[in-house]
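Visitor: So that we are looking at the same thing, I have put the structure below in C-alpha cells.
Read-outs throughout are calculated quantities, based only on the coordinates presented, and are distinct from any laboratory measurement. Note that this is a predicted model, so its numbers are computed, not measured. Cβ: placed from backbone, ideal geometry, glycine included. Neighbour counts: every protein chain shown.
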Amino acid sequence: MRKTSEPQQDAAAESWYVLDPDDRITGIGGSGWPAGSEAYPGTRIYDHVAGHFTRQFLKDFLQQARSRGSTRQCYRCDSPVAKRLMEMSAVMQEGETLRVAHRMLGARALPFAVHFHEVPRASARLLRCSNCNRLRGIRGDVWREPEDGLQAGQTALVVHTVCPECRSHIGMRRQSAIFRIRDIR
Ligand SMILES: [Zn+2]
C-alpha cells in the first residue's frame, strides 16, 4: 500500500492519543477530533467506543501492542458519502504508555450517501462491523458492503459488533478482500 505515488488525502494528517497502562487517555493531538474531545484526557478509551465486541477488539489490539512493542491494523471508517480506509497503529513508549495513531490511507466516494443510527439490539435490523464497515442482517449470515445492503436515502438501524473475519485478524496489516485498498484508491 505504500508503493502508490500520491495519496488522495493528506496522509500526513493523523490523529493520535496516548494511553497509560490502565488504558486511560493522557493526551490527544493531531487533526480530525470531534468537538468535545478536549475533555477526553483522564477518561478511559473504552468510554468512547460503541459496542461490546468493538471494545473487546480494541482491548485485544492494545494488548497485542503491549506484548509486541507495536502493532498496526487496517480498518474502515466511512463517512456518509465516502469509503475511507484507515490505519491504526500503536507503539509502546517510555513509562509503559502507548501511543495510538489513526491516519487515512485512501478514500472513494460511495454511489449514494449512507446513514447509520446506533440503536438497542432489540430494534436493530442490521449488525455493522466496526472494523470493516460491512453489514449483516440480524438473522443473516452474509457480510456485505454498505452499498450492497442498503438503498439510497435509507437510514440503517444498526448495532455495532466486529465480524468473525476481522476478529480473527487483529494486528494483521493485510490487504484482504474486505478492505480492497486498490478499489478504494
Ligand atoms: Zn469486519
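Visitor: Using the crude model of +1 on Lys and Arg Cβ and -1 on Asp and Glu Cβ, and no other charge, please compute the dipole size for the chain relative to its Cα centre, in debye to 20.
Guide: The calculated dipole for the chain is roughly 660 debye.
Visitor: How much FRET efficiency would the formula 1/(1 + (r/R0)^6) give for residue 31 and residue 108, where r is the Cβ-Cβ distance and R0 is 22 Å, rounded to 0.05?
Guide: Values: r = 21 Å, r/R0 = 0.93.
The calculated FRET efficiency here is 0.60.
Visitor: Still on this structure: Pop the C-beta distance of residue 168 and residue 117 into the FRET formula with R0 = 30 Å and round what comes out to the nearest 0.05. Each step should come with its number before you reach the end.
Guide: On the way: r = 28 Å, r/R0 = 0.94.
E between residue 168 and residue 117, to the nearest 0.05, is 0.60.
Visitor: Now for a separate question. Per 10 Å bin from zero, what fraction in whole % of the C-alpha pairs of the stretch 34-110 is there, up to the bin with the longest pair?
Guide: Bin by bin from 0 Å, the calculated values are 17, 41, 36, 6, 0.
Visitor: Run the helix sum for the chain: -39,500 (n - 2.57) per DSSP H stretch of 4+ residues, divided by residue count, reported at 222 nm to the nearest 500 deg cm²/dmol. Could you put the intermediate results ahead of the total?
Guide: On the way: 4 runs with 29 residues, N = 185.
The helix contribution divided over the chain gives -4000 deg cm²/dmol.
Visitor: If you don't mind, there's one more thing I want to ask. By how many degrees, 0 to 90 and rounded to 10, does the Cα axis of helix 52-68 deviate from the longest principal axis of the chain?
Guide: Result, in degrees: 40.
Visitor: Give, to the nearest whole percent, the P(r) tail of the stretch 29-185 beyond 19 angstrom, counting all Cα pairs.
Guide: Working: 7036 of 12246 pairs.
Roughly 57 percent, rounded to a whole number.
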